[in-house]
Ligand code: SME
């Protein structure tokens, strides 16, 4: 599955679409392909400030968290530390921004352009402990590919 999905992401990235259309299509691809991916979206580092994230293309329920300061919530912590966060039970997190009470697990994968953090791939699941090592590998691979267009 991983190989098929990354191959599809490569094709999407190479296609004649705008950047946001490509990101939107990747969200749709992942949400359609993986049943435990209930919300799939990109947050982008705001140009100029480098202190906040703004919501980019996503698939899933609308969220009130359209702008997140570095350090705030799981996304903001991942940005501040430039590291991947895999939370198998969000109810145990103190620094967490809830989008929906249905969300049980979340993975946030940083995206770099060269050395610079430029965004994140954020996925929520309604299933507790939903994310495996295979998810992590898949999403890290996709984050590297997406870094090529951000
Ligand atoms: N739960 C995230 C906020 C973004 S939503 O999941 C879409 C967080 O704690 O940063």
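The values are calculated or read from the model by the stated rules, or taken from the named source; none is laboratory data. Small disclaimer: the values here were computed from a predicted structure and weren't measured. Cβ coordinates were reconstructed from backbone atoms using ideal geometry, including for glycine residues, and neighbour counts include every protein chain displayed.
So here's what we get for this one:
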item	result
Conditions (1) modelled with pLDDT under 95; (2) away from the ligand (no atom under 13 Å from the Cβ): number failed by residue 83	(1)
Pairs where the first residue, in the range 113-139, is part of a strand (DSSP E or B) and the second is exposed (fewer than 14 other Cβ atoms within 10 Å of the Cβ), C-beta under 6 Å, 6+ apart	117/82
Given (1) in a loop (DSSP other than H, G, I, E, B); (2) in contact (Cβ under 8 Å) with a residue 60 or more places away in the chain; (3) buried (at least 16 other Cβ atoms within 10 Å of the Cβ), index of the condition residue 102 fails	(3)
Residue identified as surrounded by fewer than 20 Cβ atoms within 10 Å (Cβ to Cβ), at positive phi and away from the ligand (no atom under 13 Å from the Cβ) among 71, 114	114
Hey, residue 40 under 13 Å from the mean Cα position of the chain (by Cα), touching a residue at least 24 places away in the same chain (Cβ under 8 Å) and within 12 Å of the ligand (Cβ to nearest atom) or not	yes
Enumeration of residues in the range 83-99 that are touching a helix residue (DSSP H, G or I) at 6+ places or on another chain (Cβ under 9 Å) and exposed (fewer than 15 other Cβ atoms within 10 Å of the Cβ)	83, 95
Residue identified as over 13 Å from the mean Cα position of the chain (by Cα), closer than 26 Å to residue 13 by Cβ and loosely packed, with under 15 Cβ neighbours inside 10 Å among 133, 80	133
Residue in the range 50-57 that is under 14 Å from the mean Cα position of the chain (by Cα), over 27 Å from residue 128 (Cβ atoms) and surrounded by fewer than 18 Cβ atoms within 10 Å (Cβ to Cβ) present	yes
Checking residue 62 against (1) in a loop (DSSP other than H, G, I, E, B); (2) within 14 Å of the chain's Cα centre (by Cα), the condition it does not meet	(2)
Count of residues meeting criterion [modelled with pLDDT under 95 and in contact with a strand residue (DSSP E or B) (Cβ under 7 Å, 6 or more places away or on another chain)] in the range 95-127	1
